[in-house]
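Q: What follows is a single structure, and I will ask about it in a moment.
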Number of protein chains: 2
Amino acid sequence: MSDRPELDFPRPLTTVDVVIFAIRSDALQVLLVQRPTAKNEPFPGAWALPGGFVDIAADRDLEACAARKLKDKTGVVSPYLEQLGSWGSAARDPRGWSATHAYFALLPEQAAGGVQATDAQWFAVDGEKVKPRLAFDHAEILATAIQRLRSKVEYTSLPAYLMPPEFTLPELQRTYEIVLDRPLEKSAFRTRMLAADLIEPVARMRKGPNRPAQLYRLKKAKAPVFFARTFNPPG
Amino acid sequence: MSDRPELDFPRPLTTVDVVIFAIRSDALQVLLVQRPTAKNEPFPGAWALPGGFVDIAADRDLEACAARKLKDKTGVVSPYLEQLGSWGSAARDPRGWSATHAYFALLPEQAAGGVQATDAQWFAVDGEKVKPRLAFDHAEILATAIQRLRSKVEYTSLPAYLMPPEFTLPELQRTYEIVLDRPLEKSAFRTRMLAADLIEPVARMRKGPNRPAQLYRLKKAKAPVFFARTFNPPG
DNA sequence: TAAGTTAGTTGGACTGTACAACTAAGTATG
DNA sequence: CATACTTAGTTGTACAGTCCAACTAACTTA
């Protein structure tokens, strides 16, 4: 770096963290990892969002870095992955001025079930918090992620990324209700969902505990589609 | 750093860039600065978003850094400032792996008129582009900022931050129309804007080229307020 | 065979928007 | 000074989508 003296000044630590959501046991859950207890490690033993330093040799860009960390923890290769924002300050990491680029990912339930990292564990989201205290400013990042998820659910097809490839309308509605944490009106949900043109019926039917239900799948769309209006709570 | 050998690895360059918007001459404009032409400088002479390296001695956090750069260029102290996202890759800066934290700011017209930095200049936004080619990946950042602004205008009170302290309803509607680049229906705009409870009437009236018009001001609200529905284009 | 459960439909009340026509108060022009 | 023009703001009708409750249909379970 001696040939570029103008770049010889202290740089912040740069990390990437990923908020990984899934619906498990009829609840919105988030994947956390336990921090190592080695000497010099900040927040030893505390729970934290999966993440770590950017590896400028291995990571082509920030999103690739986030995808790598997600794959390391879950084995999932191409889920829904969206940038959440960045948090940087002198105080957030005892090792020095640091900035993290936060992403959030959505996993279908069966992919979430395949996670088997020994230091990782799923926690139910309660309001905008989880039970364990989180390392760094991860509680704030998580709260922001939950807000973003809830907000986007109001007007996009995001929850479809939490579903298996084929699903029934009541199953999809149930996912919306879990994420929003409030009941939705059946008839209006159906009308809007079909009008939004996000999903298409599949030939097959599902044999349930009652009458066969129509299966749907998400239409091909790179980005989540926007609804024209927000859901209004019944009552 | 020798007492923390685990932190001795190459770190990305960390910068902050600010997309500064204002309505000038009945058009949405953005403030750009011309890059220096000194040796070793990337993109010499090209236009770029105002920004630069994070100064870990001077900047408490990322937002303070963005506010500092905004004040340096415009003199404005507390405008609307929101994080836009971050862009980081090995390729975006010839000096090495770099990550920028992008913010966007909204200025009222008279504050925008006070900008007098010699290397800064306002450019009209055409679609999602500006006339000059931009340095780094700033064209992509600017396009994202415009999309974010347009999208938020649909369902929040953001454009009020582009207005002077007191304004008439038709003036506010004109600002919405400039940002959205499409006409809005007068009656529906009025009904929704008043129902949203974002603005309150001021005792005074403005003497215009026609009958006196009622002045309004933005109600005290830290964050922009959300509308329940989106605007639909007439016709 | 009867009762229970869930998928999906139907219809009426209500609400907010789109749109056009209208009124009112000022300015500009001959 | 009278008339035409411009723009602020209102009114009223048509329409679309939501809320909500009641209903039908198909399958399961006791």
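Q: Per residue of B:92-103, what is the mean number of Cβ atoms on other protein chains within 10 angstrom of that residue's Cβ?
A: Numbers: counts 1, 0, 0, 4, 4, 8, 3, 12, 1, 6, 1, 0.
The per-residue average across the peptide is 3.
Q: Would you mind working out the magnitude of the charge dipole of the protein assembly as shown relative to its Cα centre, with +1 at each Lys and Arg C-beta and -1 at each Asp and Glu C-beta, to the nearest 20 Debye?
A: Details: 64 positive and 54 negative charges, 319 e Å.
For this selection, approximately 1540 debye.
Q: For B:Trp87, what accessible surface area do you get with a 1.4 Å probe? Give it in Å², rounded to 10.
A: It works out to around 40 Å².
Q: Using a 7 Å offset from Cα along the direction of the beta-carbon, what are the separations from A:Glu140 to the same position in each other copy, nm, ascending?
A: 2.8
Q: On to the next question. Compute the length gained on full extension between B:Phe9 and B:Glu140: take 0.36 nm times their separation in residues and subtract their Cα-Cα distance, giving the result in nm to one decimal. It would help to have the intermediate numbers written out before the result.
A: On the way: separation 131, 0.36 × 131 = 47.16 nm, distance 2.95 nm.
So the chain would gain 44.2 nm between B:Phe9 and B:Glu140.
Q: Any idea what the A:Ser187 label distances to the other copies are, label 7 Å down the Cα→Cβ vector, nm, shortest first?
A: Those separations, rounded to one decimal, come out as 2.9 nm.
Q: Sticking with this one: Please return the longest range in chain B lying between exposed loop sites, taking trypsin sites (Lys or Arg not before Pro), DSSP loop only, at most 10 other beta-carbon atoms within 10 Å, and leaving the sites out. Write down the numbers at each step before the final one.
A: Numbers: sites that count: B:Lys39, B:Lys207, B:Lys220, B:Lys222.
Longest stretch, sites excluded: B:40-206.
Q: Could you work out Rg/(2.2 N^0.38 Å) for region A:156-218, with Rg from alpha carbons only?
A: Values: Rg = 11.3 Å, N = 63, 2.2 N^0.38 = 10.6 Å.
Normalised Rg, Cα atoms only: 1.06.
Q: Summarise the accessible area of region B:5-154 (1.4 Å probe, protein heavy atoms) by the percent that is carbon and sulfur.
A: Working: 3100 of 6290 Å².
On region B:5-154, the fraction of accessible area on carbon and sulfur atoms equals 49 percent.
Q: How much mean residue ellipticity at 222 nm does chain B get from its helices, if each DSSP H run of length 4 or more adds -39500 (n - 2.57) and you divide by all residues, to the nearest 500 deg cm²/dmol?
A: Details: 5 runs with 58 residues, N = 235.
Theoretical 222 nm ellipticity from helices: -7500 deg cm²/dmol.
Q: Any chance you could get the radius of gyration and Dmax over the Cα atoms of chain A, in Å?
A: Here Rg and the maximum Cα pair distance are 20.1, 74 Å.
Q: Write down the percent of antiparallel bridges among all DSSP beta bridges whose residues are both part of chain A, to the nearest 5.
A: About 75 percent, rounded to the nearest 5.
Q: With the radius of gyration and the Kirkwood radius both derived from the Cα set of region A:1-139, what is their ratio Rg to Rh?
A: Working: Rg = 16.0 Å, Rh = 16.0 Å.
Dividing the radius of gyration by the Kirkwood radius yields 1.00.
Q: Restricted to Cα positions, what overall size does region B:57-181 have along the principal axes? Three whole-Å values, descending.
A: 49, 31, 29
Q: Over the whole of B:8-15, what's the average partner chain Cβ count within 10 Å per residue? Rounded to a whole number, please. Present the calculation step by step, with values, prior to reporting the outcome.
A: Working: counts 0, 6, 6, 9, 10, 6, 9, 0.
Going residue by residue through B:8-15 and averaging, the value is 6.
Q: With a length cut of 24 Å (Cα positions projected on each helix's long axis) and a Kyte-Doolittle mean of at least 0.0, go through chain A and give me the DSSP H helices that pass.
A: Details: long enough: A:138-155 (26 Å, -0.18).
Qualifying helices: none.
Q: Between the label point of B:Lys71 and that of the same position in each other copy, find the distances and list them shortest first in nm, with every label point placed 7 Å from Cα along the Cα-to-C-beta direction.
A: 4.4
Q: Over 30 Å between Cα atoms, which of A:Lys39/B:Lys71; B:Lys73/B:Lys131; A:Lys186/A:Lys219; B:Lys69/B:Lys129; B:Lys69/B:Lys220; B:Lys131/B:Lys220 qualify?
A: Values: A:Lys39/B:Lys71 42 Å; B:Lys73/B:Lys131 21 Å; A:Lys186/A:Lys219 21 Å; B:Lys69/B:Lys129 23 Å; B:Lys69/B:Lys220 26 Å; B:Lys131/B:Lys220 37 Å.
Those over the limit are A:Lys39/B:Lys71; B:Lys131/B:Lys220.
Q: Determine the sum of side-chain charges near B:Arg60: Lys and Arg each +1, Asp and Glu each -1, restricted to other residues whose C-beta is under 15 angstrom from that of B:Arg60.
A: On the way: positive: A:Arg92, B:Arg68, B:Lys69, B:Lys71; negative: A:Asp93, A:Asp137, B:Asp55, B:Asp59, B:Asp61, B:Glu63.
Local net charge: -2.
Q: What does the protein assembly as shown give for Rg and for Dmax, in Å, if only its C-alpha atoms count?
A: Radius of gyration, then largest Cα-Cα span, for the protein assembly as shown: 24.4, 75 Å.
Q: Next question. Stretch B:Glu200-B:Arg182 to full length: gain in nm at 0.36 nm per residue minus the Cα-Cα span?
A: Values: separation 18, 0.36 × 18 = 6.48 nm, distance 2.53 nm.
This chain segment gains 3.9 nm when fully extended.
The values are calculated or read from the model by the stated rules, or taken from the named source; none is laboratory data. Remember, predicted model here, so these are calculated numbers, not experimental data. Neighbour counts are summed over all protein chains in view; Cβ atoms, including those assigned to glycine, are modelled from backbone coordinates with ideal geometry. Just the protein is used for accessible areas: all its heavy atoms, side chains included, with ligands, DNA and RNA removed. Shrake-Rupley method; radii C 1.70, N 1.55, O 1.52, S 1.80 Å.
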